[in-house]
Amino acid sequence: MNREPGRGRRCWFTVRWAAQAGAIESDVIPCEDISGRHVCVVDSQEAQRHVMERYLTNWDIRCLIAESGAQVHGLLKQAADTGVPYELAILSDQLAGMDWADFARAITSDPRLCSTRLVLMTSVG
């Protein structure tokens, strides 16, 4: 252990662990194939919509991009009525024309849409 006035103490140690039985050799965690999923993105900022659309389409996700909650609400209903509902809605915390909480309530209270998972996206750190 080293001590330097005004800087505190610095210490180090070494730990030797035995390998665990059945340990996973890779640090890559397999995930479900998400290609072909249906996701909508609602954001009043064009740049944010563009970035999200690029990510989603690169992952082969079918995406609906909208500027406002009111705009996408009707489209989500139409998709659900045709038997191909959107599984996930990614919402900005600053929607145009509709508060994100009102949008979330509208989705969760509609029997056709209540299975849609909601993710709130914010640009505030």
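The values are calculated or read from the model by the stated rules, or taken from the named source; none is laboratory data. Please read these numbers as outputs of a predicted model, since none were measured by experiment. Quick reminder, even Gly has a Cβ in these numbers, built from the backbone with ideal geometry, and neighbours come from all protein chains shown.
Numbers at a glance
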| read-out | value |
| --- | --- |
| Tally of residues being in a loop (DSSP other than H, G, I, E, B) and polar (S, T, N, Q) across the stretch 82-95 | 2 |
| Subset of the stretch 53-82 [among the hydrophobic types (A, V, I, L, M, F, W, C) and closer than 27 Å to Pro111 by Cβ] | Leu56, Ile61, Cys63, Leu64, Ile65, Ala66, Ala70, Val72, Leu75, Leu76, Ala79, Ala80 |
| Residue match in the stretch 106-120 (condition: within 18 Å of the chain's Cα centre (by Cα) and in a helix (DSSP H, G or I)) | yes |
| Qualifying residue in the stretch 28-35 (condition: under 14 Å from the mean Cα position of the chain (by Cα), closer than 30 Å to Asp102 by Cβ and at pLDDT below 90) | yes |
| Some residue of the stretch 71-81 being among the β-branched types (Val, Ile, Thr) and either on the phi > 0 side of the Ramachandran plot or part of a loop (DSSP other than H, G, I, E, B) (or both) | no |
| Residues located in the stretch 39-61, provided they are of a type outside the set (Ser, Thr, Tyr), part of a helix (DSSP H, G or I) and farther than 19 Å from Ala96 by Cα | Arg54, Leu56, Asn58 |
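Yes or no, residue by residue, for (1) at pLDDT below 75; (2) exposed (fewer than 11 other Cβ atoms within 10 Å of the Cβ); (3) among the aliphatic types (A, V, I, L, M); (4) touching a Cys at 6+ places or on another chain (Cβ under 8 Å):
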site	(1), (2), (3), (4)
Pro5	no, yes, no, no
Arg10	yes, yes, no, no
Val39	no, no, yes, yes
Glu46	no, yes, no, no
His50	no, no, no, no
Tyr55	no, no, no, no
Asp60	no, no, no, no
Asp99	no, no, no, no
